[in-house]
Amino acid sequence: MKIVKAEFITSAVKSSQYPPEGVPEIAFAGRSNVGKSSLLNLLTGRKSLAKVSSSPGKTRTINFFNINDEFRIVDLPGYGYARVSRSQSESWGRMMEGYLENRRDLLKVIQLVDVRHQPSAQDVQMYEYLRYYGLSGIVVATKADKVSGNELSKCLSVIRKTLQLDDDIIIPVSALKGTGTDRVLSAMEGLLQGQETEREKNV
Ligand SMILES: Nc1nc2c(ncn2[C@@H]2O[C@H](COP(=O)(O)OP(=O)(O)OP(=O)(O)O)[C@@H](O)[C@H]2O)c(=O)[nH]1
Ligand SMILES: [Mg+2]
């Protein structure tokens, strides 16, 4: 798959603000600062389609992007950002649950983790949540440029073990070097094609 068109649609904090249904969506979840917005920019080849910042907590809303007039990528706000109040983290929870549990067009959520670190308790919790709702299956390990070739496979196996990935796909990417995009795009293509077969089955 090649992304030839990418545009911001809208930001939302509640369902009445979501764009109309009927278009398949693939969302990005992960800790604040892990590189969700950077991955979106990398995949689309657009440097500043989504706002990126070195200070965590940049993305505070659910952001919808039109890709190729074919599907949407949904950039979700990150978790694990230390400087949030209890009420902010509760409203984050409501916003995420509102989307993840009710969005009919949501095909899968790609979970992002930092390749260098063992996934946190919150990463594990998020992935279990996604698994419970049938939204898991693809993990992207970000910032692959920060580890050497030798370390990479070790890091990936720590992630694999901690998140209890069985047949799930894990893809290292580097937004800095621009590596890993082909595999992410083909995983996305697989999701979109799989969805078509599901739909055909239901006819
Ligand atoms: N070296 C390196 N830095 C990266 C990579 N991906 C993201 N970053 C940096 O990590 C920081 C956070 O990236 P974002 O894309 O804003 O992270 P996010 O997950 O969208 O964060 P929130 O919006 O806070 O949830 C930025 O300074 C990026 O430049 C990568 O692959 N390699
Ligand atoms: Mg972001």
Report, ordered by the first and then the second residue, all pairs with beta carbons closer than 8 Å, sequence separation of six or more or different chains, a first member in segment 124-140 that is polar (S, T, N, Q), and a second member that is at pLDDT 95 or above and open to solvent by less than 20 Å² (accessible area, probe 1.4 Å).
-> 136/109; 136/111; 136/127; 136/130
Among residues of segment 159-178, those that are over 15 Å from the mean Cα position of the chain (by Cα) and surrounded by 15 or more Cβ atoms within 10 Å (Cβ to Cβ), counted | 5
Do we find that residue 12 is closer than 23 Å to residue 178 by Cα and open to solvent by less than 10 Å² (accessible area, probe 1.4 Å) in this structure?
-> no
Answer yes if at least one residue in segment 60-69 is buried (at least 20 other Cβ atoms within 10 Å of the Cβ), modelled with pLDDT of 90 or more and in contact with a helix residue (DSSP H, G or I) (Cβ under 6 Å, 6 or more places away or on another chain), and no otherwise.
-> yes
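Yes or no, residue by residue, for (1) assigned to a strand (DSSP E or B); (2) open to solvent by 60 Å² or more (accessible area, probe 1.4 Å):
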position	(1), (2)
16	no, yes
21	no, yes
27	yes, no
34	no, no
47	no, yes
57	no, no
For segment 29-39, how many residues are near ligand 1 (Cβ under 8 Å from one of its atoms) and at negative phi?
-> 7
Failed condition for residue 107, given (1) at pLDDT below 95; (2) of a type outside the set (Asp, Glu); (3) open to solvent by 20 Å² or more (accessible area, probe 1.4 Å); (4) touching a strand residue (DSSP E or B) at 6+ places or on another chain (Cβ under 8 Å), with all others met?
-> (1)
From the residues in segment 62-78 that are within 10 Å of ligand 2 (Cβ to nearest atom) and not in a strand (DSSP E or B), which one is farthest from residue 5 (Cα to Cα)?
-> 78
In segment 142-158, what residues are open to solvent by 50 Å² or more (accessible area, probe 1.4 Å) and more than 24 Å from residue 128 (Cβ to Cβ)?
-> 146, 148, 149, 150, 151, 153
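The values are calculated or read from the model by the stated rules, or taken from the named source; none is laboratory data. For clarity, every value in this text was computed on a predicted model and none was experimentally measured. Reconstructed Cβ throughout: ideal geometry from the backbone, glycine too, with neighbour counts over all protein chains shown. Areas reflect the complete protein model, heavy atoms only, side chains present, ligands, DNA and RNA absent. Shrake-Rupley method; radii C 1.70, N 1.55, O 1.52, S 1.80 Å.
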